Amino acid sequence: RRDMRRGLYLAMGVAALGFAPHLAWMVNHDFATLRYAGQGGHGVPWGERGLSVLSFLAQQLRLLFPALLFAGLLWLLPGLRLRGAAAVGVAPRAADLDQAEGAQAQRWRRAWMVALIGFPLVITLLTCPVFGLKLQNHWGFQCLQFVALWGAWQLRGMTRRPARVVAAVAVAVQLVAMGWWLVAQAKDIGASGRRLDPSYPASALAAAVERDWTRMTGCPLKFVVGPQFEGGMVSTYLPHPPQVLEGGDFRKSPWVRAEEVAAFGAVYVATDPADLPEHGVMVDSMAIHGQSGGRIYWAVVPPAFCAQPA
């Protein structure tokens, strides 16, 4: 239809305008984002690609378990099935409107939901068998972010009484999920060889690093150089989080400039003192509980100048 094509072309134009500044930045910065995504991937041999896909899907099912449990309870409990015009709890007027919309409108809505959820998931899965890229579990958060929208769409047309029951079921499922998580954490805390964020002394580490930096330089801390996790913990738990240069590799953190690090200095953190820079001033270290005597070391590379006093 002409009106639908006009709307489609308008949406494509608006999307292109919104994407244009990002494309221009990428071209002007030597496609840094694509190089960052490429270097962060891990190759998978042919024999392990199918296992990588199955492992990724299993992880997504685990993460979606509360939502799947919620949907299953709605389908099983009497009086809460929402399919069909005669289903209990569906307002008659809403059912009539659903029928009046016609099969074509229903197909368009179904196609929209499939494209919104199925298309990103399929594209993500294909990166493993086609390009040999190991699937990372956290990629599922992006490709399945609209599952909740599909669930809300399925709940349309309910009257107030079943809506209260649905809310009670949702709260019960969340309480069960949180209880499950707490039990699992209680078993894992203090386990030998495990590094768990809840027991990681991130606040104490960040405070010690900032204290040594301020004592030696008197300048604001703008950059932390180190591994992704350790550097991120130091940055996240500071009042004014500095930028993190992951592993000292500017390709991994293209937003950090070498001349800025040289000018403003940086704190280098590492799990091995041999990884600290020779031109840095070794300051201190901290034991990390639950890692069999593991320690975090840090060194200060003073700034060439201070833009403002600390």
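The values are calculated or read from the model by the stated rules, or taken from the named source; none is laboratory data. Keep in mind that what you see is a predicted model, and the values were worked out from it rather than measured. Cβ atoms come from the backbone with ideal geometry, glycine included; neighbour counts cover every protein chain shown. To get the accessible areas, we keep the full protein, side chains included, count just its heavy atoms, and leave off ligands, DNA and RNA. Shrake-Rupley method; radii C 1.70, N 1.55, O 1.52, S 1.80 Å.
Could you tell me which numbered condition residue 216 fails, if it satisfies all but one of (1) in contact (Cβ under 8 Å) with a residue 40 or more places away in the chain; (2) in a loop (DSSP other than H, G, I, E, B)?
(2)
Looking for whichever is touching a helix residue (DSSP H, G or I) at 6+ places or on another chain (Cβ under 9 Å), loosely packed, with under 14 Cβ neighbours inside 10 Å and at pLDDT below 85 here; the options are 149, 97. Which one fits?
Numbers: 97 fails: touching a helix residue (DSSP H, G or I) at 6+ places or on another chain (Cβ under 9 Å).
Of 149, 97, the one residue that is touching a helix residue (DSSP H, G or I) at 6+ places or on another chain (Cβ under 9 Å), loosely packed, with under 14 Cβ neighbours inside 10 Å and at pLDDT below 85 is 149.
Restricting to segment 251-278, count the residues that are in contact with a Lys or Arg (Cβ under 8 Å, 6 or more places away or on another chain) and among the aromatic types (Phe, Trp, Tyr).
Selection size over segment 251-278: 1.
Which members of segment 223-242 meet the condition of being surrounded by fewer than 20 Cβ atoms within 10 Å (Cβ to Cβ) and farther than 16 Å from residue 297 by Cα? Talk me through it step by step, then tell me what you get.
Start the filter on segment 223-242 by keeping residues that are surrounded by fewer than 20 Cβ atoms within 10 Å (Cβ to Cβ), which leaves 227-229, 232, 236-241.
Matches in segment 223-242: 236, 237, 238, 239, 240, 241.
Within segment 191-205, is there a residue that is surrounded by fewer than 13 Cβ atoms within 10 Å (Cβ to Cβ) and modelled with pLDDT of 85 or more?
Among the residues of segment 191-205, at least one is surrounded by fewer than 13 Cβ atoms within 10 Å (Cβ to Cβ) and modelled with pLDDT of 85 or more, which makes the answer yes.
With (1) open to solvent by less than 70 Å² (accessible area, probe 1.4 Å); (2) at pLDDT 90 or above; (3) on the phi < 0 side of the Ramachandran plot as the list, and residue 248 as the residue in question, which single condition is left unmet?
Every condition holds for residue 248 apart from (3).
Could you grab me the full set of residues in segment 283-300 that are touching a helix residue (DSSP H, G or I) at 6+ places or on another chain (Cβ under 7 Å) and modelled with pLDDT under 85? Please lay out each step first, then the result.
The initial filter retains those residues of segment 283-300 that are touching a helix residue (DSSP H, G or I) at 6+ places or on another chain (Cβ under 7 Å), namely 283-284, 286, 289-290, 296-298, 300.
Hits for segment 283-300 are 283, 284, 286, 289, 290.
Any idea which residue in segment 254-287 is least open to solvent (accessible area, probe 1.4 Å), counting only those that are touching a residue at least 60 places away in the same chain (Cβ under 8 Å) and part of a strand (DSSP E or B)? Break it down into steps so the answer makes sense when it comes.
Taking segment 254-287 and keeping what is touching a residue at least 60 places away in the same chain (Cβ under 8 Å), we get 254, 269, 281, 283-284, 286.
Within this subset, residues satisfying the condition of being part of a strand (DSSP E or B) are 269, 281, 283-284, 286.
On the way: 269: 6, 281: 61, 283: 37, 284: 73, 286: 38 Å².
Step by step, filter segment 254-287, then rank; the result is 269.
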